[in-house]
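Structure first, then comments.
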Amino acid sequence: MNVTIVDYQSGNISSVINSFTEVAKGKVNLEVTSDIKKIKSSDKIVLPGQGSFKSCVDSLNSINGLVDSLKETAMTNKKPLLGICVGLQMFADIGYEEAETKGLGWISGKVSKINNQKGKFKLPHIGWNEIELQKESKIFKDIKNKSHMYFVHSYEFIPEDKSVISALTDYSSKIVCAIEKDNLFGTQFHPEKSDKNGLKIIDNFLKL
Amino acid sequence: MLKNRIIPCLDVKNGRVVKGINFVKLKDAGDPVEQAKIYSDGGADEICFLDITASNENRDTIIDIVRKTAKECFVPLTVGGGVRTIQNITDLLLAGADKVSINTAAVKNIDFVKEASKKFGSQCIVVAIDAKKVSENKWKVFTHGGRNKTDINAVEFAKKVETNGAGEILLTSMDKDGTKSGYDVDLLKAISKSTNIPIIASGGVGTLDHLYDGIVKGGASAVLAASIFHYGEFTIKDTKEYLKSKNIPVRLQNA
């Protein structure tokens with residue numbers, strides 16, 4: 001099996017590479033690239049994302065043909081794709097970080113700043129929080145409800161269709177922290193930094 | 001509910017842990033990678049390396065340590081000490097650090113914080129503030145590992161780093177550091193109340209109650225300590241169980 005971690009020069013993806021390498025050991029052929037041919041021929045895609053929504057979208061768009069090939073692989077050919085953090089947020093139609101920016105539009109919804117109740121809650125939402133499972137999701141196989149995951153973000157994805165939500169987390173309000181829609185998976189938290197539970201999620205994704 | 005983080009800090013000098021002793025299981029007490037792995041396996045919420053190597057020539061040593069640690073520890077890794085340029089940050093992140101902590105360079109040039117957070121995202125930029133009390137409820141910023149005094153008001157500086165994009169503040173009391181007499185709770189409170197980003201408390205921990213005070217009285221989101229963990233006085237597990245018994249929200253291991 002070929003799994004591609006999309007390297008589009010946005011933010012730090014070393015931890016994603018390290019954790020996937022650890023889990024994939026000898027079982028999966030892992031590529032870290034933005035090479036369109038390789039993306040199109042891979043069985044699974046990991047789309048990380050750090051920094052702002054705008055900077056990530058801009059970086060994706062700056063690589064000729066990348067968005068189209070991701071779309072073809074995930075939306076037409078229905079290959080499993082896992083978005084992490086801003087990688088998940090970019091599934092939305094629109095994001096409001098830095099400036100109003102068009103997202104990939106794969107799952108209807110928007111990305112807005114977390115309502116921290118006028119400063120009552122600190123932002124970014126940094127640290128370990130529990131996930132509340134909302135439906136069965138393949139990447140949460142053997143993950144207990146209320147497991148802790150590592151978060152660091154100030155913006156949240158708000159999908160129009162609530163049935164795509166696979167987990168919420170409780171901060172200043174209930175925040176969407178994982179989605180599953182057909183072959184599309186996304187986590188707002190960082191499985192690559194979430195200790196054994198996080199590695200289990202990666203393992204589940206690789207075993208799909 | 002968001003949990004308060006417990007962060008063991010390892011002081012690294014020329015590639016070796018300073019003060020690192022007393023772990024029965026350790027083959028090499030001075031090996032930062034091995035020690036970080038023990039903390040991570042024990043349930044540390046994050047690992048912090050502070051590179052106190054004096055010379056620039058040995059910068060590659062910390063990079064190598066980070067690279068090895070990041071392949072074995074799957075919790076966030078923060079690295080500080082001598083972070084002065086965008087290239088320093090790039091090197092550390094590429095090696096596998098999740099966050100870098102900027103100290104003197106932030107005091108010298110606040111635009112560096114701005115530039116770094118814009119380039120890498122606020123999530124990976126921690127500003128470390130070393131502060132010393134000058135009068136009642138007044139603290140000044142120190143630089144160069146506490147050796148140089150500035151005339152900068154610590155509370156004002158904290159607000160400034162927030163405005164310029166820092167994602168967190170690592171706040172060390174120079175009065176308390178190394179004393180084992182507890183955090184400067186007033187300092188923590190003053191800065192935690194005047195900013196809206198998470199504060200990591202540092203400097204002075206001698207007992208587990210000090211960690212409790214940092215969170216409850218000081219308003220810290222995370223507590224950092226070095227010697228109570230290094231000397232094996234308390235394990236991360238003991239610490240979390242104690243804090244939990246006092247109703248502090250913590251992440252117990254593998255939960």
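Selection of first residues in segment A:90-110 that are open to solvent by 60 Å² or more (accessible area, probe 1.4 Å) and of second residues that are in a loop (DSSP other than H, G, I, E, B) and at pLDDT 95 or above, restricted to Cβ pairs under 6 Å at least 6 apart or on distinct chains, gives the following pairs, ordered by first then second residue: A:Lys110/A:Ala92.
Check whether at least one residue in segment A:184-203 is within 14 Å of chain B (Cβ to nearest Cβ), open to solvent by 20 Å² or more (accessible area, probe 1.4 Å) and acidic (Asp, Glu), and report yes or no. Yes: one or more hits.
If you go through segment B:168-176 one residue at a time, do you hit one that is within 16 Å of the chain's Cα centre (by Cα), crowded, with 23+ Cβ neighbours inside 10 Å, in a strand (DSSP E or B) and of a type in the set (Asp, Glu)? Yes, that holds for at least one residue.
Filtering segment B:216-231 to residues that are in contact with a Ser or Thr (Cβ under 6 Å, 6 or more places away or on another chain) and among the hydrophobic types (A, V, I, L, M, F, W, C) leaves only B:Leu224. When the residues of segment B:226-255 are narrowed to those that are in a loop (DSSP other than H, G, I, E, B) and away from every other protein chain (no Cβ under 14 Å), which ends up least open to solvent (accessible area, probe 1.4 Å)? Within segment B:226-255, the match that is least open to solvent (accessible area, probe 1.4 Å) is B:Ala226. Say whether the condition of being within 25 Å of A:Asn18 (Cα to Cα), within 14 Å of chain B (Cβ to nearest Cβ), buried (at least 24 other Cβ atoms within 10 Å of the Cβ) and in contact (Cβ under 8 Å) with a residue 24 or more places away in the chain is met by at least one residue in segment A:154-174. No, segment A:154-174 contains no residue that is within 25 Å of A:Asn18 (Cα to Cα), within 14 Å of chain B (Cβ to nearest Cβ), buried (at least 24 other Cβ atoms within 10 Å of the Cβ) and in contact (Cβ under 8 Å) with a residue 24 or more places away in the chain. All of A:Ile107, A:Ile139, A:Ile143, A:Ile84 fail the test of being on the phi < 0 side of the Ramachandran plot, touching a Phe, Trp or Tyr at 6+ places or on another chain (Cβ under 9 Å) and within 14 Å of chain B (Cβ to nearest Cβ), apart from A:Ile84. Taken over segment A:152-196, residues that are of a type outside the set (Ser, Thr, Tyr) and assigned to a strand (DSSP E or B) amount to 21.
Does segment A:121-129 include one or more residues that are surrounded by fewer than 16 Cβ atoms within 10 Å (Cβ to Cβ), within 22 Å of B:Gln123 (Cα to Cα), in contact with a Phe, Trp or Tyr (Cβ under 8 Å, 6 or more places away or on another chain) and within 14 Å of another protein chain (Cβ to nearest Cβ)? Within segment A:121-129, one or more residues are surrounded by fewer than 16 Cβ atoms within 10 Å (Cβ to Cβ), within 22 Å of B:Gln123 (Cα to Cα), in contact with a Phe, Trp or Tyr (Cβ under 8 Å, 6 or more places away or on another chain) and within 14 Å of another protein chain (Cβ to nearest Cβ). Within segment B:190-222, if we keep just the residues that are charged (D, E, K, R) and more than 14 Å from chain A (Cβ to nearest Cβ), the residue that is farthest from B:Phe234 (Cα to Cα) turns out to be B:Lys217.
Of the residues examined, A:Pro80 is not one that is closer than 22 Å to B:Val126 by Cβ and in contact with a helix residue (DSSP H, G or I) (Cβ under 9 Å, 6 or more places away or on another chain).
Among residues belonging to segment A:1-13 that are within 11 Å of chain B (Cβ to nearest Cβ) and out of contact with any Leu (no Cβ under 6 Å at 6 or more places or on another chain), point out the one that is surrounded by the fewest Cβ atoms within 10 Å (Cβ to Cβ). Here the answer is A:Ser10. The set of residues in segment B:123-144 that are under 18 Å from B:Leu50 (Cα atoms) and either more than 20 Å from the chain's Cα centre (by Cα) or buried (at least 17 other Cβ atoms within 10 Å of the Cβ) (or both) comprises B:Cys124, B:Ile125, B:Val126, B:Val127, B:Ala128, B:Ile129, B:Asp130, B:Ala131, B:Phe142, B:Thr143.
The values are calculated or read from the model by the stated rules, or taken from the named source; none is laboratory data. As the structure is a computational prediction, the values presented were derived from the model and not from experiment. Every residue, glycine among them, receives a Cβ derived from its backbone with ideal geometry; neighbour counts consider all protein chains shown. Note: areas computed on protein heavy atoms with side chains; ligands, DNA, RNA excluded. Shrake-Rupley method; radii C 1.70, N 1.55, O 1.52, S 1.80 Å.
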